[in-house]
Amino acid sequence: MRLKDKVTLVTGATSGIGKAIATRFAAEGAHVAVNYLPVKQNAEVAEALAKSFATDSIAVAGDVSKRADVERMVRETVERFGRLDIAINNAGIEIKKPFLEATDDEWHKVIGVNLYGSFVVSQAAARQMVAQGGGGKLIYISSVHEDIPFPDNTAYCASKGGVRMMMRNLAIELAPHRINCNNIAPGAIATPINQAVLDDAEAKRNALTEIPWGRFGLPEEVASVAVFLAGDEAEYVTGSTYYVDGGLTQQVTLY
Ligand code: NAD
């Protein structure tokens, strides 16, 4: 077990990559606070997930774009487990829209969840880590679009590019507290966020031409990199981005 008794908050953990990370971390011995956006049936999914783990784990409701929610999520985690060792900033949304048609509301929504949400979760988590002592880990699920453009997705790219710069800054500012900060940048992973592409044979074929590995990635393949970054073996790793993209970022289409 590589994360025995490590207390870990995973945001947006009821589906896709967040769910895979929460599940794998619990299997590695971590106590997981399974964050869910409090809408519709999410609470039941989060409660069932936390109960299914072999370790003592809990579900914590909260919208990461709201400071009061985030501070309560961290408080509930610490009240239950006494500390917080690892925060995984995974919650994220996309709103696809041509730039000329995008609205202020859409911009603020995407930036609010993806960038502000990562800021406020990191700050609340890091304040707790500094107060308790002993270091910690902040891990961000950014995207290959922290670096490469994605037409019709300007707010998303801006949010993920912002997460990249924030993480690099925090790696320096939080180093004296021994808090490691790193990004994982997934390429095309088979999760609900990509359902429209996965359900459309032609769109899927087109997407696969961009991926040297020739397939979509699995959420579990992102989770395994998160385990490494959260573990003791990554003690000297901070300020880096780890691509989990089947070579997508290396692909240059000339013709
Ligand atoms: P997903 O839609 O399954 O997961 C997103 C999760 O975030 C959902 O559980 C959702 O409920 C939660 N969420 C949304 N808004 C929230 C909020 N305000 N507060 C709390 N939770 C909220 O998709 P996914 O692919 O698993 O995405 C996870 C992360 O990975 C996202 O940040 C996404 O940008 C990133 N990512 C995904 C891919 C991919 O190909 N799937 C590629 C690059 C990056």
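The values are calculated or read from the model by the stated rules, or taken from the named source; none is laboratory data. Predicted model, so just to flag it, every value in this text is computed and none were measured. Cβ placement follows ideal geometry from the backbone for every residue including glycine, while neighbour counts extend to all protein chains displayed. Heads up: the accessible areas ignore ligands, DNA and RNA and are worked out on the full protein's heavy atoms, side chains in. Shrake-Rupley method; radii C 1.70, N 1.55, O 1.52, S 1.80 Å.
Overview of values
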{"quantity": "Segment 207-254-segment 24-74 distance, computed between alpha-carbon centres (Å)", "calculated": "24"}
{"quantity": "Nitroxide proxy distance, nm - points 7 Å out along Cα→Cβ at D232 and S52", "calculated": "3.0"}
{"quantity": "Nonlocal amide H pairs with Y242, under 5 Å, H built at 1.01 Å", "calculated": "N183, I184, A185"}
{"quantity": "With every protein chain in place, segment 7-254: carbon and sulfur % of accessible area (1.4 Å)", "calculated": "55"}
{"quantity": "Per residue accessible area of the chain, 1.4 Å probe, in Å²", "calculated": "49"}
{"quantity": "Between 0 and 90°, nearest 10: helix 67-81 axis offset from the chain longest Cα axis", "calculated": "50"}
{"quantity": "Net charge over other residues, Cβ less than 15 angstrom from the Cβ of K204 (K, R count +1; D, E count -1)", "calculated": "-2"}
{"quantity": "Value of [θ]222 nm, deg cm²/dmol, for the chain, DSSP H segments ≥ 4, -39500 (n - 2.57) each, nearest 500", "calculated": "-13000 deg cm²/dmol"}
{"quantity": "Relative contact order computed over the chain (Cα-Cα under 8 Å; 6+ residues apart), in percent", "calculated": "19"}
{"quantity": "Loop sites in segment 114-211: trypsin sites (Lys or Arg not before Pro), DSSP, at most 16 other Cβ within 10 Å", "calculated": "R178"}
{"quantity": "Relative contact order of segment 60-147, defined on C-alpha pairs under 8 angstrom at six or more residues apart (%)", "calculated": "40"}
{"quantity": "Under-5 Å amide H pairs with I93, H placed in peptide plane, nonlocal only", "calculated": "N114"}
{"quantity": "Counting all C-alpha pairs of the chain, share separated by more than 24 Å (%)", "calculated": "44"}
